[in-house]
1. Can you give the FRET efficiency to the nearest 0.05 for residue 208 and residue 246, using r as the Cβ-Cβ distance and R₀ = 22 Å?
2. What order do you get for 252-260, 218-226 when each peptide is scored by the mean count of other beta carbon atoms within 10 Å, highest first?
3. With point charges of +1 on the Cβ of Lys and Arg and -1 on the Cβ of Asp and Glu, referenced to the Cα centre of the chain, which listed residue (216, 105, 272) lies farthest in the positive direction of the dipole?
4. For the chain, what does the helix formula give at 222 nm: sum of -39500 (n - 2.57) over DSSP H segments with n ≥ 4, over the residue count, nearest 500 deg cm²/dmol?
5. Roughly how many nanometres apart are two label points built 7 Å out from the Cα toward the Cβ at residue 239 and residue 275?
6. Using a 1.4 Å probe on the protein heavy atoms, what percent of the accessible area of the chain belongs to carbon and sulfur?
7. Once you compute Rg and the Kirkwood Rh from C-alpha atoms, what is the Rg to Rh ratio for region 117-201?
8. Under 28 Å between alpha carbons: how many lysine pairs meet that in the chain, if sequence neighbours fewer than 8 apart on the same chain are excluded?
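The values are calculated or read from the model by the stated rules, or taken from the named source; none is laboratory data. This one's a predicted model, so the numbers in the text were calculated from it and none came from an experiment. Every residue, glycine as well, gets a Cβ built from its backbone with ideal geometry; the counts of neighbours run over all protein chains shown. Areas reflect the complete protein model, heavy atoms only, side chains present, ligands, DNA and RNA absent. Shrake-Rupley method; radii C 1.70, N 1.55, O 1.52, S 1.80 Å.
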Amino acid sequence: MGTRRARGTGSIRRRKDGRWQGTIWLEGEPHYRYGRTAEAVSDGMAALKRQHQAGLSTANPRESVGKFLGRWLGAAGPRLRPSTHLGYAAIVRLYLGRIGHIRLTALTPKRLQEELDRIARDHSPRTVEHVRAVLRTALNQALREEIVSRNVATLVQVPTVRRTPIRPLTAAQVRILFDGVRGDRLEALYVVAVASGLRQGELLGLRWRDVDRERGVISVTHALQRAGGEYRLGDPKSNESHRVIVLAATAASALREHHRRQAEARIKARPAWNDLDLVFARADGYYRNGSVA
């Protein structure tokens, strides 16, 4: 097919796969837009030119995979949980460096499949699945920016992950656990964990203001997170994780007794007590690190 001019801003041509590709030069760099019709590509190129004239950032189509991932991580940081952002950054650093030099628009399913197969030889299927998932998420952003015309991470295969079925404690095992922790300073932690099914971060981020001790009701509003070596309260794992839980009478009673004991410990620890309103705090009132020491 012949080449069309895009409203005086560049050129548009039809590719062998039937899609249209537009090219526009901005500050000596070619930028591309893709679409099902020439008109859609022309509109996208005009919008890109307006974006550039307004002083807004435009993606470089010759950007490497590595540079794009770095830019994506920087932009995604404020939208992600700190632990999630650290996990994404670790996967990019540890597993995607070998394809970092490849131009983003030149990354093919074949090349990515080769890299995932190489990773699979030395790592677990779950690791390979995580690598593909992070890259797929990043390339979805490249699609939205119209840097690429397809997400190659959706076109590759990863090993099947065998998920271990969850085996909840039996009633007999629960009785043994409760007998073993009876009288322990963190007895209520174990009882509430079993009774509520809260995640570890949700338990350790629970505050007394989120607990109705008389009614035995917990409102899950935060979870303890660690980022950069520091602990902080953040949002739970998902929107669905915000929930209200009515505890069994045993757990509600354990919480009330725990509150009484903690009040005594707080008086003894002053002025060293960190008043963070945490239900399951360390002996000095500060965030726990996941251990029960």
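1. For residue 208 and residue 246, the calculated efficiency is 0.80.
2. Sorting 252-260, 218-226 by mean packing, highest first, produces 218-226, 252-260.
3. 105
4. -13500 deg cm²/dmol
5. 3.7 nm
6. So the carbon and sulfur contribution to the accessible surface is 49 percent.
7. With Rh from the inverse mean 1/r over Cα pairs, Rg/Rh is 1.26.
8. Step by step, the pairs that qualify in the chain add up to 4.
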